[in-house]
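Following: one structure in structure tokens, then a few remarks.
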Amino acid sequence: MSLALGEKLKIRSMVYVAAEPVPFFWPMRAFIHHNPLHGLEHLPFAEAVAKGSEIFHGDSFLHRRRYQGYLAQGKIDQEKLKLIIAAFADTRPSIPGVDLEHWLFSLMTKTENPVMLAGTLTDANDVRTVLSGATLSNGDEIKNDTVPDQLRDQLRKQLLGDRPVYESVDALYGTEISADLDELMVKGCLDFFDEGQSVWPMPERERGFFSAWRHVARRNVRFFLRRLHIKEILDLDDSPEGIISHVMRTLEIPHECWAGYFTRELARLHGWAGFIRWRSNAKHYHWSNKYPGDLVDFVAIRMTLALALLQEQGKHNIAYTHSAMSSAMDTHLEQTYLSHEMHSGQVLPAMAHKVEMALATQSEQKIARVFNEYIELKRQHEATDQAECLRHLAQCVGKVETLEQLSGEQLSALLESLRAFEKQEGMCWLRGMEEHAITCLTDNIKLEPDIQREKRPFVQSLFCIDTRSERIRRNLESVGDYQTFGIAGFFGVPVSFMELGKGSEVHLCPVILTPKNVVLEVTSTPPLEDTAALSTLAKALHDLKESILTPFVTVEAVGLLFGLDMIGKTLAPRAYNTWRKRFDHTKPPTLLLLDKLTLEQADSVVRTVQRTVIIKAVEQELDFKPENITDDIIRELREGALGDCLDFTEISELLGIDGSRTKMLVQRLRDVYQINKSFADSQLEKLGRIGFTLDEQVNFVAQALSAIGLIKGFSRFILLVGHGSSSENNPYESALDCGACGGNHGIVSARVLAQMGNKPKVRQRLRQEGIDIPDDVWFIPAQHNTTTDEIQLFDLDKIPPSHLFYLGRLRNGLTSASHLCAQERLPSLQQHEPAPVDAIEAYRKVQRNSMDWSQVRPEWGLSGNAYFIIGRRELTQKSSLDGRAFLHSYNYRIDPKCRLLENIITGPLVVAQWINMEHYFSTVDNERFGSGSKAYHNVAGRFGVMTGNLSDLRTGLPSQTVLDQGLPYHQPIRLITVIEAPLAHVQCAIDAVVTVKHLVRNGWIRLLVIDPETAEIHTYDNDEWSSQPCPTVNEQTLLEESNVS
């Protein structure tokens, strides 16, 4: 069978579209926070979470009792709940004697479990009969002759359509095809996508995922022994699209259901699917280029395995096609229904044995008899359970008698209202929590004028907008004359960075951007010693810890030192780490190459590389010693390889070999060693990406300073503070690093902007643009370690001598702020231990946490995030936001065209919304949207983690990040965004950024605008703007500020 090209393209595009709800999953070494429902952001939030719950089988809201706990703690606005309930009640029909608002409020606050049950055989009349104390009988309301059509429709809805066939077969016959299929699929993914962890990699991976797997599967002895006809299926077509088409037609899936079917297939292992989806779209990802694979391959392999497993079970008279299952529902409804009840876990316990025995006999008469008995008993059971739930609610309301007196029509109306309300109950709780959070924030916002300084501050510090910066900024401001600003941690400069000694690029910017410029790190001093031996031990330790044999051989293989590693890192991590650093290689002082290379410089680099390669080639091919390879030899070989030279006489004489060997050598230089014109041109093109032009550097510095409103009044020191984390034995370490830097440390980005800002030529051009940076101003890059709260200064060897006198004062201030921040943060990490009174002791304890490899929670990270504030520091400077706010500095007065605000909401706000949503969903359902407990995690292929030895890739946050002893530590609410600017100014910026406009209008973020010109707070909610006076506003001060501006 060979599928036409048009059909292949149609299937391929269908798979890509079906994958849209599955979010990208980046490798763990550069963990990227993401919204698990990013593919559904085109829908309103309430619709999207309902759709996401259906696709991914996860919860979108907390359990009712968790919200009731928040309500009892005063973290939910009770009045807001009542307003929402009242608005809902107004849309429902009135029922005599029933105060629906009271009933619904009691439902939310006094009952723990849902009141409305998923009844399939009962109705309001049955419930009313039970409430009245009567007994249901076969003649009551629902007649048995109406049941078959009702049950048949239910079965079709549950088992057919776009539901994967093997899931339906499992539910009907009690097979375990789904689990077997997922296990086989995970094994195949681990084999192919491995990035160096496996000892025995899959052969022929360069051919692609499907082709490599097909090559192995057709020869797999285990498949043969299990009698899985994999080879027969794969022999039908050698393309993944052809296999997909064959399986879908064999299973008789209606064509209109294919897209939905593919979505459900991908969602079963959405972690692997998300990784493969990201990987196939990462153009510069080394492993993807070397071993390609996409979701079409993934689906084709799943389809192959699924069909083989279904055919294996089909030998036991099991229906595994749509038509066969539909026929079973038509001709053997009783047996099909009872089988589904039995194997889907819905069977009534009292009837379980009788149902099982009837199915085992295969007797139609006995099955029919048990069927009639079963549905009648289930009907009574459903009616009784529903009546009890209603009675309990009525007791909470104090209206049991009213409930019992309702007519069938009135009871039906009440049931419908309760059912409709419970469907949207989660949104009610969420809005109540958000209203409380909004009130807490607005009550502490102070709309005050800029502080008028008599002299410039001692230091101005630019911190990342990360929520963890809020604490360190507040404490730094409290210890001295420090002015702080918030900016995205990549400082507005997208960089592709190549670290000293590394051969690969790392993108230091939000993942929604693609850097065009490459920055190289080079040593600024000659190497003092050969560091290869020093780094060998560290590499050996790392490789052994990732080996599958680690539990058995690690200690014996590495010996005493590794034994000390385990003991030291566990019992005395701080002291041991100091000793252990003696064995670690210390990185030499480095510079960053920021300036563009001239054409002559680039050509010189290419020539130098070619010379080095030619020397190595001659050594290997002709066994020459380096000292015998002269410049003439190198020159002649290079010119011969790059040109079309046919006469190799002169080269042969220099080399002392015959012409045929010389010709072969030159050809190998071209083909194997890449000494040819096309490769040289491509190298020149790559070298053209290195560095920035002067115009680019001026633009980036101007944009960074303007974005935060820092265009005058510069201090002597301007700290550019990136951030990163440090912890041991933590696959999620990059999740604690800078999201704006692509899940990496932010120090490189800080060094880049500092180096640009310190250039005289850049400052000269900035003056022409109205930004006059005095000559005595110096930009210093620094890094905030969010695990220890230490702030480390970098590139101090480049500071002017005139500034060295002030370094002691600067260091003292940073140290004091670090100690105070650690003292503030530590109690939340050790909630069941007494908090240290001394700030220095607290600082020592957080340092210990960062070095203890048994520590599952070195810090809370971004847990607790709730706000994104865009405006002047004066808005919240006098308030403690407890590390819950992203703070981005902004002054609308220097942004008349809204361009700066557009940049802020396009990048930083979107990244913050991803962070917020990942924390939200990892909290409400940590097993499905999060990644469960770290205690059971194993590294998979060096790019992800699994639970146990085989599972889906865990994509969200571990329970230790968002939960505390099983209860939510993070409060799951949508990101509350506050922008300080006139309302029209904000509306203009949002309308210009389509992505953000959809996030606002669809309710993925909550938007508040603080208008300094009208002293009002404008809130956007449900497609409407509402306004209220801004509290704590000094009208006289505002008037004076307005006159000044």
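Derivation of every value follows stated rules applied to the coordinates shown; laboratory data play no part. Since the structure is predicted, the reported quantities are computational estimates derived from the model, not experimental observations. Cβ coordinates were reconstructed from backbone atoms using ideal geometry, including for glycine residues, and neighbour counts include every protein chain displayed.
Side notes on the structure shown:
- Contact order for the chain, expressed relative to its length and based on alpha carbon pairs under 8 Å spaced 6+ residues apart, stands at 16 percent.
- Within a straight-line Cα-Cα reach of under 26 Å, LYS712 can be paired with the following lysines, leaving aside sequence neighbours fewer than 8 residues apart in one chain: LYS446, LYS455, LYS759, LYS761, LYS798, LYS878, LYS897.
- Segment 758-806 pair-distance distribution - Cα-Cα, 5 Å bins, rounded %: 5, 16, 21, 17, 16, 13, 7, 4, 0
- Of the trypsin sites (Lys or Arg not before Pro) found in segment 869-943, those that fall in a DSSP loop while having at most 15 other beta-carbon atoms within 10 Å are LYS878, LYS897.
- Based on C-alpha pairs under 8 angstrom that are at least 6 apart in sequence, segment 599-687 has a relative contact order of 34 percent.
- Each of LEU694, LEU121 was scored by other Cβ atoms within 10 Å of its Cβ. Listed from fewest to most, they are LEU694, LEU121.
- For segment 276-352, the convex hull spanned by the alpha carbon atoms encloses 141 Å³ per residue.
- Expressed to the nearest 5 percent, the antiparallel share of DSSP beta bridges inside the chain is 45 percent.
- Fully extending the segment from GLU874 to THR109, taken as 0.36 nm per residue of separation minus the present Cα-Cα distance, adds 271.5 nm.
- Between 0 and 90°, nearest 10: helix 807-829 axis offset from the chain longest Cα axis: 20 degrees
- Length gained when the stretch LYS712-TYR806 is fully extended (0.36 nm per residue, less Cα-Cα span): 31.7 nm
- Cα-projected label distance for ARG92 with GLU653, points at 7 Å along beta-carbon direction, nm: 10.3 nm
- Taking the Cα atoms of segment 30-134, the ratio Rg/Rh between the radius of gyration and the Kirkwood radius comes to 1.05.
- Neighbour counts of C-beta atoms inside 10 Å place ASP964, ASP194 in the sequence ASP964, ASP194, starting with the fewest.
- Per-pair calculated FRET efficiency, R0 = 22 Å: SER137 and GLN365 via Cβ, rounded to 0.05: 0.40
- A Cβ-based charge dipole, computed about the Cα centre of segment 635-700 with Lys and Arg at +1 and Asp and Glu at -1, lands at about 260 debye.
- Basic side chains Lys and Arg get +1 at the Cβ, acidic Asp and Glu get -1 at the Cβ, and with that the dipole of the chain about its Cα centre reaches some 1880 debye.
- Working from label points 7 Å from Cα in the Cα-to-Cβ sense, the VAL609 to LEU117 distance is 7.2 nm.
- Within straight-line reach of LYS315, meaning a Cα separation under 22 Å, sit the following lysines at least 8 residues removed in sequence or on another chain: LYS231.
- Inter-centroid distance (Cα atoms) of segment 226-266 relative to segment 144-220, Å: 11 Å
- With the simple spin-label model, which puts each label point 7 Å out from Cα in the Cβ direction, the GLN158 to ALA324 separation comes to 2.1 nm.
- Distance from segment 1-59 to segment 381-460 (C-alpha centre basis), Å: 31 Å
- Partner aspartates and glutamates whose Cα lies under 13 Å from the Cα of LYS399, excluding those fewer than 8 positions away in the same chain, are identified as ASP99.
- Along its three principal directions, the equivalent ellipsoid of segment 599-687 from the Cα gyration tensor extends over semi-axes of 22, 14, 11 Å, largest first.
- Over 32 Å apart at the Cα level, from the set LYS51/LYS378; LYS625/LYS677; LYS516/LYS934, are LYS516/LYS934.
- Equivalent-ellipsoid semi-axes for the chain (Cα gyration tensor, √(5λ), whole Å, largest first): 55, 44, 26.
- Positive dipole terminus of segment 916-1041, leading residue within VAL993, THR947, LEU983 (C-beta point charges): THR947
- Overall, the anisotropy analysis places segment 357-405 in the prolate class: the square-rooted eigenvalues a ≥ b ≥ c of its C-alpha gyration tensor yield a/c not less than 1.5, with a/b exceeding b/c.
- Listed residue (ALA352, SER725, LEU333) projecting farthest to the positive dipole end of the chain, Cβ model: SER725
- Using the Cβ-Cβ distance between HIS286 and SER660 with R0 = 35 Å, the FRET efficiency computed as 1/(1 + (r/R0)^6) comes to roughly 0.40.
- Extension gain, ARG249 to ASP671, is 147.2 nm, computed as 0.36 nm per intervening residue step minus the present C-alpha separation.
- Mean ellipticity per residue at 222 nm, deg cm²/dmol - from DSSP H runs of n ≥ 4 across the chain, formula -39500 (n - 2.57): -16000 deg cm²/dmol
- FRET efficiency estimate (nearest 0.05) - Cβ-Cβ, GLU20 to GLU409, R0 51 angstrom: 0.70
- Packing here is the average count of other Cβ atoms within 10 Å per residue, and on that basis the peptides 427-438, 702-713, highest first, run 427-438, 702-713.
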